[in-house]
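Below you'll find the structure, written out as structure tokens, and then a few comments.
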Amino acid sequence: MKKLPSSYLEPKIFDNKYIIKQNLSSGSFGVVYLAIHKVTREEVAVKLEKGEQETLDREVYLLTKLQGIQGITKLYWFGSEQNYNVMVIEILGKDLGYYLKQYKQLSLKTGLQLLEQLITIFSFVHNKGIVHRDLKPENIMMGKTNTTQAYLVDFGVSKQIFDQGKHIPFRDNKSFIGTTRYASIAAHKGYEIGRKDDLESLMYVIIYLILGKLPWQNLQNIGDKDRTIVVGEVKMQTSIQSLCKDLPSPFSEYLNYLKGLDYQDQPDYELLKKIMRQCSDANTYDNQFEWTDKVPEKLGEVKQQSSFLAVPNGLNDQNRQNTKKQSYMGSQSSNIVKYIPSNQDALQIKNQPQKIITSQPHIEVLKQLDTVDFDDIEENMQNYPTLEQKLLRLQRFDAKFKEDCVSKSAIHVFDH
């Protein structure tokens, strides 16, 4: 566990309430720790930076204006202690960069749901006169307890674009700001960042999550030229049609709409959501993601509408096939099997084994999977870390399918 800087004096308690437990992350911005409220025992995140820096001051100022918006972190306390600026905020779950590492690519269904949530969040953030200016997968996090709710985080380089009710004027010759891979074309040109640029960056992030790549990645033989300049040149040369060729047509329509906006124009957020909903039907938006726990109300009643949408034909089929096998539990879990608790209603079985219909985010067709019943769900399964070992264990298990009764428990073996 990383420790607080040696210059920080004991005890490691902030605001006489928040006790540091362990390091969560660190970077050029400072360090983030997990802490616990000494009375309520509530877990929080503590962000720390050197007192001479101003990033945290800016973030606190903007977060204060954004409090109450769903998808914005709650701010509990801010202060200075022992030459450090300290911010105590709501603790969140994993960021999208983490999930991308686990699944390699995310489903079209997941991308569309994230996009709709984030367009809504940006509509409220922009309504407060604030642009984010540094969108990337690591700055989008899911909730700690509600892993279906997306959060927009890290407002350290964000900016107010309204001054006394008036939009700040357009400027050029600005320094590049943002993350090279996801920044808007305007950012590469040195233009002042506006609301439409946040939404452009958002689409680049979503495309990257779904396809697993962008055309301006992994450029070779750049030499002494600045990578940000080269990436900007490639972005400008890449047509919207080429960028979205492996995606449904609304992706192009979304970007063409933004391209037609002027710097000070307010985007039509509802129109953008309407455009993107043409990619699928209403059943896509059921708050189910690769990482969420999918337990049907009754075994055998999982319908196709709850499955993940396949990424369009021709899209990285080989990559899909080679993707690491996953369960819905996520790769950080050793549980390749999925437990249905005994207090859940189970399908009564008559003369045939239980079956369910399910899908995996990394395959393009649904598979019908047998369900195996037995009483002691946990028996020694932690000693069988791989799917093959678990299957061998299940084959040796002395349980039989039950007939004319409700099963006490069930394991769903995911064959991918």
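The values are calculated or read from the model by the stated rules, or taken from the named source; none is laboratory data. Predicted model, so just to flag it, every value in this text is computed and none were measured. Quick reminder, even Gly has a Cβ in these numbers, built from the backbone with ideal geometry, and neighbours come from all protein chains shown.
Brief remarks on what is shown
- Residue within the stretch 192-211 that is at pLDDT 95 or above and surrounded by fewer than 17 Cβ atoms within 10 Å (Cβ to Cβ) present: no
- For the stretch 163-273, the helices (runs of 4 or more DSSP H) that sit wholly inside it and include 1 or more residues that are more than 24 Å from residue 107 (Cα to Cα), in contact with a strand residue (DSSP E or B) (Cβ under 9 Å, 6 or more places away or on another chain) and of a type outside the set (Ser, Thr, Tyr) are 195-211.
- Only one entry of 226, 246 meets the criterion of being more than 24 Å from the chain's Cα centre (by Cα) and assigned by TED's automatic domain parsing to the domain that holds residue 277, and that entry is 226.
Let's see how each residue does on (1) within 13 Å of the chain's Cα centre (by Cα); (2) in a helix (DSSP H, G or I); (3) not assigned by TED's automatic domain parsing to the domain that holds residue 211:
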position: 100; (1), (2), (3): yes, yes, no
position: 106; (1), (2), (3): yes, no, no
position: 114; (1), (2), (3): yes, yes, no
position: 122; (1), (2), (3): no, yes, no
position: 125; (1), (2), (3): no, yes, no
position: 138; (1), (2), (3): yes, yes, no
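- Among (1) in contact with a Leu (Cβ under 7 Å, 6 or more places away or on another chain); (2) outside any strand (DSSP E or B) - the single one residue 85 does not satisfy: (2)
- Residues that are assigned by TED's automatic domain parsing to the domain that holds residue 214, over 25 Å from residue 131 (Cα atoms) and either exposed (fewer than 15 other Cβ atoms within 10 Å of the Cβ) or among the polar types (S, T, N, Q) (or both) occur in the stretch 273-280; there is at least one.
- Subset of the stretch 66-86 (residues that are modelled with pLDDT of 95 or more and crowded, with 19+ Cβ neighbours inside 10 Å): 66, 71, 72, 73
- Within the option set 192, 200, being in contact (Cβ under 8 Å) with a residue 40 or more places away in the chain and touching a Pro at 6+ places or on another chain (Cβ under 9 Å) holds for one residue only, 192.
- Residue in the stretch 71-78 that is within 22 Å of the chain's Cα centre (by Cα) and without any contact (Cβ under 8 Å) to a residue 60 or more places away in the chain present: yes
- Residue count, the stretch 1-54 (criterion: in a strand (DSSP E or B), modelled with pLDDT under 90, farther than 17 Å from residue 93 by Cα and not aliphatic (A, V, I, L, M)): 5
- Between 222, 240, the distinction of being at pLDDT below 95 and in contact with a helix residue (DSSP H, G or I) (Cβ under 6 Å, 6 or more places away or on another chain) belongs to 222 only.
- Lone unmet requirement of (1) in a loop (DSSP other than H, G, I, E, B); (2) surrounded by 16 or more Cβ atoms within 10 Å (Cβ to Cβ); (3) in contact with a helix residue (DSSP H, G or I) (Cβ under 8 Å, 6 or more places away or on another chain) for residue 118: (1)
- Of all residues in the stretch 163-184, none are more than 22 Å from residue 214 (Cα to Cα), touching a Ser or Thr at 6+ places or on another chain (Cβ under 7 Å) and either at pLDDT below 95 or not assigned by TED's automatic domain parsing to the domain that holds residue 69 (or both).
- Only one entry in 139, 127 is surrounded by fewer than 22 Cβ atoms within 10 Å (Cβ to Cβ), over 26 Å from residue 46 (Cα atoms) and at pLDDT 95 or above, namely 127.
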